[in-house]
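Here is the structure we will look at.
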Amino acid sequence: MTDRADDRERMIDRLRSRTDAGDRVLDALGAVPRHEFVPESRRSDAYADRPLPIGEGQTISAPHMVAVMCDLLELAPDDRVLEIGTGRGYHAAVTAELCEAVYSVEYHDRLARAARERVADLGYDVHVCAGDGREGWPEHAPYDACYLVCAAGEVPDALFEQVRPGGVLLAPVGDRVQHLVRFVVGESGVRERSEHGGVRFVPLLGE
């Protein structure tokens, strides 16, 4: 397995000028071998700052978007996080560098199986299941934070219900026009809502 540490260092240097992400988040991206999470045919582009196709009509997010989302979550080392949309597991691996554990739901069974094996081989505390992301993963709730790497016209109530009061839910919201929205969950519904720019994600899938 090639480390490609120099490629990651150059990627982080580019991200410093493109995002406001803090050092802790950038260090997390610098620690994760992105080339291990992309198809073999795309490994030469693994450290380019753009999304890449991973099969099943899905993509791996651009590094700058992973940095922006991780920064907005403001994770603590002992947090437990719910991710909707595992893909090949890259975003979850970066998140796992910042918190205690990640529970990730992937709609496509083939991607879920491959991601589960990959994160285990690389030693990340990421738990992956195949299922309908709109339902979350209630068995392990409540979570300190939840984020979606797929766009929802409206964020399902079930996901808010699985985040503890005071926790953060981050999601691309919209159909043709999407915005990254940060919610702070209260005792009875959303306590705060803020928008953080236009984005473009694949849609949230369900039965």
Contour excess over end-to-end distance, with Cα ends at Glu100 and Ser41 and 0.36 nm allotted per residue: 18.0 nm
Mean residue ellipticity (222 nm) of the chain, computed from DSSP H runs ≥ 4 via -39,500 (n - 2.57), nearest 500: -8500 deg cm²/dmol
Size descriptor, Kirkwood hydrodynamic radius, that averages inverse alpha-carbon separations across the stretch 104-207, Å: 14.4
Length added when fully stretched, Ala31-Glu161, from 0.36 nm per residue minus Cα-Cα: 43.6 nm
Cα long-axis angle, helix 63-73 against the chain (0 to 90 degrees, to the nearest 10): 30
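Find how much the distance from Val177 to Glu74 grows on full extension, using 0.36 nm per residue of separation minus their present alpha carbon separation; answer in nm with one decimal. Write down the numbers at each step before the final one.
Values: separation 103, 0.36 × 103 = 37.08 nm, distance 2.56 nm.
Length gained between Val177 and Glu74: 34.5 nm.
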0 to 90° range, to nearest 10: angle between helix 109-122 axis and the chain longest Cα axis: 60
Between helix 5-18 and the chain: long-axis angle, C-alpha atoms, 0 to 90°, nearest 10: 50
Stokes-Einstein diffusion coefficient of the stretch 40-91, Kirkwood radius over Cα pairs, 20 °C, 1.002 mPa s, in µm²/s: 172
For a label point 7 Å along the Cα-to-beta-carbon line of Ala5, residues of the stretch 29-53 with backbone N under 20 Å: 29-37, 46-48
Most fluctuating residue given options Glu192, Glu36, Glu74, as computed from a GNM of the chain linking Cα atoms under 10 Å: Glu192
Share, in percent, of DSSP beta bridges within the chain that are antiparallel, nearest 5: 45
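Give me the Å³ per residue figure for the convex hull around the C-alpha atoms of the stretch 91-146. Display every interim value, and only then the final one.
Numbers: hull volume 4.3 nm³, N = 56.
Roughly 77 Å³ of hull volume per residue.
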Choice from Ala67, Ala171, Ala141 with maximal GNM fluctuation in the chain (Cα, 10 Å cutoff): Ala141
Shape parameters for the chain, alpha-carbon atoms, Rg then Dmax in Å: 15.7, 49
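Take Ile84, Ile54 and order them by how many other Cβ atoms sit within 10 Å, fewest up front.
Working: Ile84 29, Ile54 21.
Least crowded to most crowded, the residues run Ile54, Ile84.
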Residue with peak Gaussian network fluctuation, the chain [Cα springs, cutoff 10 Å], from Ala62, Ala115, Ala151: Ala62
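FYI, it's all coordinate maths here, none of it is from the lab. Everything numeric in this text was worked out from a predicted model, so none of it was measured. Cβ coordinates were reconstructed from backbone atoms using ideal geometry, including for glycine residues, and neighbour counts include every protein chain displayed.
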